[in-house]
4 protein chains.
Amino acid sequence: MSNTWGELFRVSTWGESHGPAVGALLDGVPSKLPLTEADIQADLDRRRSCGAYATPRREDDRVEILSGVYQGLTLGTPIMLLIPNKQARSQDYKGWEELYRPSHADYTWQAKYGIRDPRGGGRASARETVARVAAGAVARKLLRQRAGVEIVGWVEQIGRVKADVVSTEVAPDMVERSPWRCPDASVAEAMELELAEAAAGGDSLGGVVGLSLRHVPVGWGEPVFDRLNALLAKAMLSIPAVKGVEFGEGFAAALRRGSEHNDAFAMREGRVRTLTNRSGGIQGGISNGEEIYLRVAFKPTPTIALPQHTVSASGDDIEYAFKGRHDVCFVPRAVPVAEAMAALALADCCLMAMSNRA
Amino acid sequence: MSNTWGELFRVSTWGESHGPAVGALLDGVPSKLPLTEADIQADLDRRRSCGAYATPRREDDRVEILSGVYQGLTLGTPIMLLIPNKQARSQDYKGWEELYRPSHADYTWQAKYGIRDPRGGGRASARETVARVAAGAVARKLLRQRAGVEIVGWVEQIGRVKADVVSTEVAPDMVERSPWRCPDASVAEAMELELAEAAAGGDSLGGVVGLSLRHVPVGWGEPVFDRLNALLAKAMLSIPAVKGVEFGEGFAAALRRGSEHNDAFAMREGRVRTLTNRSGGIQGGISNGEEIYLRVAFKPTPTIALPQHTVSASGDDIEYAFKGRHDVCFVPRAVPVAEAMAALALADCCLMAMSNRA
Amino acid sequence: MSNTWGELFRVSTWGESHGPAVGALLDGVPSKLPLTEADIQADLDRRRSCGAYATPRREDDRVEILSGVYQGLTLGTPIMLLIPNKQARSQDYKGWEELYRPSHADYTWQAKYGIRDPRGGGRASARETVARVAAGAVARKLLRQRAGVEIVGWVEQIGRVKADVVSTEVAPDMVERSPWRCPDASVAEAMELELAEAAAGGDSLGGVVGLSLRHVPVGWGEPVFDRLNALLAKAMLSIPAVKGVEFGEGFAAALRRGSEHNDAFAMREGRVRTLTNRSGGIQGGISNGEEIYLRVAFKPTPTIALPQHTVSASGDDIEYAFKGRHDVCFVPRAVPVAEAMAALALADCCLMAMSNRA
Amino acid sequence: MSNTWGELFRVSTWGESHGPAVGALLDGVPSKLPLTEADIQADLDRRRSCGAYATPRREDDRVEILSGVYQGLTLGTPIMLLIPNKQARSQDYKGWEELYRPSHADYTWQAKYGIRDPRGGGRASARETVARVAAGAVARKLLRQRAGVEIVGWVEQIGRVKADVVSTEVAPDMVERSPWRCPDASVAEAMELELAEAAAGGDSLGGVVGLSLRHVPVGWGEPVFDRLNALLAKAMLSIPAVKGVEFGEGFAAALRRGSEHNDAFAMREGRVRTLTNRSGGIQGGISNGEEIYLRVAFKPTPTIALPQHTVSASGDDIEYAFKGRHDVCFVPRAVPVAEAMAALALADCCLMAMSNRA
């Protein structure tokens, strides 16, 4: 359903980068969940910026709850979250109607719709993700309250610099104290260098985000097409600039033998547990009660200051170099977005699991 | 919707491994598409088996069209495809009610539903994929007829042996002539050795499947949540044993700088083209007219002959070793399954693109 | 979704009147519900025929459960119900490709799809409703088990003969003991006369079906678009030949003043009750715990023996008179169909109510 | 999907009566449709009030388009329509937390959600329909542009006064020139009297709305569950206070014989037409190219000045009489709401028909 995520916990985002506002409409949120604007603001602030090398557009990103909440509790009715666009400087985008920026969505959107809002990339702008983060904050409250689920994301790699991370041991404050949201302090310097070098060259960097979904109860995910990993994969690939996702051992599992990859079961304190977690917490598309661990690959920011060959909307081959500042690497800012999308996928599973209890 | 794929081209699969039959119900297939059982049988035969080291269960897999087709043409009404289960030997599964096989779905399904059909894994069995392949054959006919789209899949890696493949150059006959569906003849011997070694050790192997989706028109995919890559990622992760997916440069894109990863646009024969295709044919979630290229990681077959620690349904720690033959590596047989899922994802996009034309 | 009903309790019917079989695929049925073919057969037998003046096509209508049930319990996986077509005599329909029967679906289906299966009306035949009744039987089991809900339907009117019925007092055996499924024995003779007269004249009759949905818990129905009455109205109007539906006082409510129509609330045995039930058990789109009462209007069977003016598929004006026997009045046979559709609508609400509990 | 209508042309409404705003989010609107706020305002103004005897709450109902439109054309992205609530005087609703008004939604919503916004009925208020009318205006533009479809509604009955109307001859200006939206001038006086009498007695009236959907192309509607009449019935019953709907001859068809009800086909100017239109323009669930005619029954306004027995939220039996002014009869104001819902149902069919063309 294009701009809507989910079946029972449904989120529809709306808004163009330089329109009056962006927002999210939530339907299916159970009633009597405590919810205030402050609950949402915290995640928005985390998304807003991180470290240097980030875009200078400085939105307040103040969320307004326009419906669905009464006296601090959800009503079971649709929740409208609105975030005004205040800092949009459309004059910066003069001439963009006439330009297909390389590896951006300008050309494909124009080809699909026959029209686009060129100001700041319109709806294809990553600004749309602010609405996802707002909705994700509501999902996280629900998940925490109903099932004790916690979602922690971090930067695992920027460009060629890879962190050494044990997913189960990453705590949110380890992430937030790093300027790049990387919990491995030992690579901080190398990351800084990688970023500075790219910035100096007018270039950009990609990276990898790790996600740990904790305390997910056994039994979430709907086989056969709505497996939990399938939903999470869709959630991640719906984020701009994502090029891949893997669960547990992921692509490395293809190198293993069955005897090396299988997770042995064992009874622990009266519960069925696995002795290892190479599966990443999902078996047969259903959560098995272990940590769900996934990794998400982001391509480098397509906007760079270096000259590139491209094409104009009128079909002329041209040279183009972006003038101005840009996100050298948006991966640290993508962490709360990936967390939010994981929360949306899990929230839907949570309600679904409530509907089909034997 | 759990057992249903798609919004406009909808496929619902049904059936347990050892029930009377498995099948697929298709709704939304446009009328007047030529369709016979032979169209479907070809892909079923490809899935049925491949090379040695494959399961000895030898089903005929003869599909029957029970509705939706009249005098060789689709009616626009639901198409019911039924494939009888003939070779199910349920006596082989005696005792399975009492067993949670490691890295299988036994435990999670039991925990979710409070019941399961243990015979051959029930609905969690990969036998369910026969229904996907049948449905995928219909989707492929539609895609070919409406848009000239072709889908080619192959084995890119088995265990530690990786093929060297240029995706755009792989032809279906190169794939089918290989006993492992690997178009790189130079690694045939190494793959054979890898397989023989694992088999001899009672072990199993995973691998990687590559997919090339060709002639997909510009403009397929629905932002923001139903991006083409998001739908394809969900399609792939819905296949049993898949642990990851990547598009274009995929995880390697995280290592590149923007100037290294971006695809420059250029006019070629009056059309907007990219000079490279590191994006893998999708930009902003929408097809750009170039080849769509993705890679899918499969874990090793969880069934192995080696003894493993596990747990019984009554909560006892036990040792377990599978007696009998199994797929040492199902990756070659997974190729038509991956192709089918790609076809289902594209068919839905195809009809959606028809509905929202300006 | 055209051939699918429901969001959580989902039913997809398939099959043409003269194809090999018709059937229903159910997804979302909770696990561990006791279910056998006998449970379903009872309702199929009720639909199969009723009284004289019904079609002479005598199908066995033996249902087969092909999936989703193991050892007498539902698995939580899709349930495939198949009913073979055995008595289809397609030679009776020779020449129908060339004919648009008045007030049948021949013309509109041909115009929509550019093709149709003319044998017995193809998918537009009321034979499709056998699949609904089969699915409805499963829904009724669920409703009874989960919530004690009972659904009772009856004939309230045939042609010009109207029964005098107090909905809350109609018992299933009162209905089934009547040859026309009319619980008001005082009009039996008049109905017989009305039917005999129409039959003698080669003509047909319509009528009205009443439905009483009992013990529906307070709180079912999802505002604002999936109100319980909206879902039930859609369910009824999806039945072939239905021309109208009304709830509680229905159209007569338009004649009343607020003081005459409003249902006063009062406490009764610690529960909120209404002293009257002019609302028909639904207020603000949500069940209020009282009996849900609705009436469904059916047009007369369009097939009659009298000559009619019509048009051939090649566009010629022609005269046409049906040769052979037909249902003079299908309304008695429509009772189990209407009950089934009510059950499908309620079953979906039942699961939805479980998913969104505060 | 509770607060969302449609599959391809999707409308989600949001907002409580006394919250900051109400609104509608539209997804799936094709790109390049000319659209301004003025297009929407016209219908909002028609809904806002009509004649005397209407509620004194006088909202401006100024719509703001917050997304999805650029330089006067739709972008193919979600369109957010927001209408501020300015005149909400919540002090008038003091004590309502403690009151279940008879035949209102207070009790059922409270029972379902365990919470409600009592101010003005919260989301159960008919104020929600302002969002439907806004969305319907967009649907009407699409229908007009794509298919030349026109939708005309009118009042056919208020209380016991029935108009004599030939549906095909009703022109919008005939409707709008009447203070009660009744095109039959001969009953104007009687209606005035009926209203005055009810008002004087502190009572309220219901009525019937007629709808004529013109120039709907042959072939809209998706059998078997999404028949055009089923979708329209759901659309109408989703409107607050609606108790019944009928198509063509409707309930009267139950009184007719087949020979009296059937519509003979005949060729007229090279097209297949019907010589009568007792079917109301739909056969087999699909439009046949004739006028679609339906009638919608509304119960009387539940709010009256007369004392009524009811129950408090704490479970006490009480007497209650509404103090203040209310809509004696909202039926004239319901006309644009019914038109809007018909437009939403048709717009979805329109896009669906484009997706499944042979």
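Some values worked out for this structure:
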read-out	value
Computed log₁₀ I(q)/I(0) - Debye formula, equal Cα scatterers, no solvent, the stretch B:58-146, q 0.20, 0.24 Å⁻¹	-0.98, -1.19
For peptides C:99-105, C:310-316, sequence by mean Cβ density within 10 Å, most packed first	C:99-105, C:310-316
Chain C Cβ-axis minimum, rotational copy A, residue and distance in Å	C:S355, 2
Per residue convex hull volume, Cα atoms of the protein assembly as shown, in Å³	164
For the stretch A:292-307, Karplus couplings with θ = phi - 60° (6.51, -1.76, 1.60), whole Hz, Gly/Pro x	8, 10, 9, 10, 10, 9, 10, 6, x, 3, x, 7, 9, 8, 6, x
Calculated on alpha-carbon atoms, Rg and Dmax of the stretch B:187-275 in Å	18.5, 58
Alpha-carbon Debye profile of chain A, log10 I(q)/I(0) at 0.08, 0.11, 0.12 Å⁻¹	-0.41, -0.78, -0.92
Choice from D:G202, D:G136, D:G72 with maximal GNM fluctuation in chain D (Cα, 10 Å cutoff)	D:G72
Ratio of Rg to Rh over the stretch B:223-358 (Cα coordinates, Kirkwood Rh, two decimals)	1.13
Mean residue ellipticity (222 nm) of chain B, computed from DSSP H runs ≥ 4 via -39,500 (n - 2.57), nearest 500	-8500 deg cm²/dmol
Residue-averaged beta-carbon neighbours from other chains (10 angstrom radius) around A:98-105	6
Relative contact order (%) - criterion: Cα under 8 Å, at least six apart; region: the stretch A:200-332	37
Those lysines that a straight Cα-Cα span of less than 26 Å connects to D:K299, excepting residues fewer than 8 apart in one chain	C:K162, C:K234, C:K243, C:K299, D:K112, D:K162, D:K234, D:K243, D:K323
Inter-copy label distances at A:K94 (7 Å, Cα→Cβ; nm, one decimal)	5.8, 8.1, 8.5
Prolate/oblate/rounded label for the stretch B:102-142 (Cα gyration tensor, a/c 1.5)	prolate
Ascending list, in nanometres, of distances separating the D:R146 label from those of the other copies (7 Å, Cα toward Cβ)	1.5, 3.4, 3.4
7 Å along Cα→Cβ, label-point gaps from C:L275 to other copies, nm, shortest first	5.6, 7.3, 8.5
For D:I282, residues with placed amide H under 5 Å, excluding near neighbours	D:N288
Among B:A338, B:A24, B:A252, residue whose mean-square fluctuation peaks in a GNM of chain B (springs only between Cα atoms under 10 Å)	B:A252
Formal net charge of residues neighbouring B:S279 (Cβ-Cβ distance under 9 Å; K, R +1; D, E -1)	0
Sparse-neighbourhood loop sites, GluC sites (Glu not before Pro) in the stretch C:187-286 - DSSP loop, at most 10 other Cβ within 10 angstrom	C:E269
Relative contact order (%) - criterion: Cα under 8 Å, at least six apart; region: the stretch A:4-355	22
Note, ³J(HN,Hα) from phi for the stretch B:142-148, Karplus 6.51, -1.76, 1.60, rounded to Hz, x at Gly and Pro	4, 5, 5, 5, 7, 9, x
Amide H partners (placed H, <5 Å) of D:A264, local residues excluded	D:L275, D:T276
Semi-axes of the equivalent ellipsoid for the stretch A:89-226, Cα gyration tensor, largest first, Å	33, 25, 14
Inter-site label distance for C:L193 and A:E150 at 7 Å from Cα along Cβ, in nm	8.1
Distance from the stretch B:94-169 to the stretch A:147-190 (C-alpha centre basis), Å	34
Summed side-chain charge close to B:Q41 - residues other than B:Q41 whose Cβ falls under 9 Å, Lys, Arg +1, Asp, Glu -1	-4
Chain D: most fluctuating residue of D:I318, D:I158, D:I239 per GNM, C-alpha cutoff 10 Å	D:I318
DSSP bridge pairs, the stretch B:4-347: antiparallel proportion in percent, nearest 5	100
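We did not get these values from a lab; they are worked out from the coordinates using the rules stated. No experiment lies behind these values; they were computed from the predicted model shown. Reconstructed Cβ throughout: ideal geometry from the backbone, glycine too, with neighbour counts over all protein chains shown.
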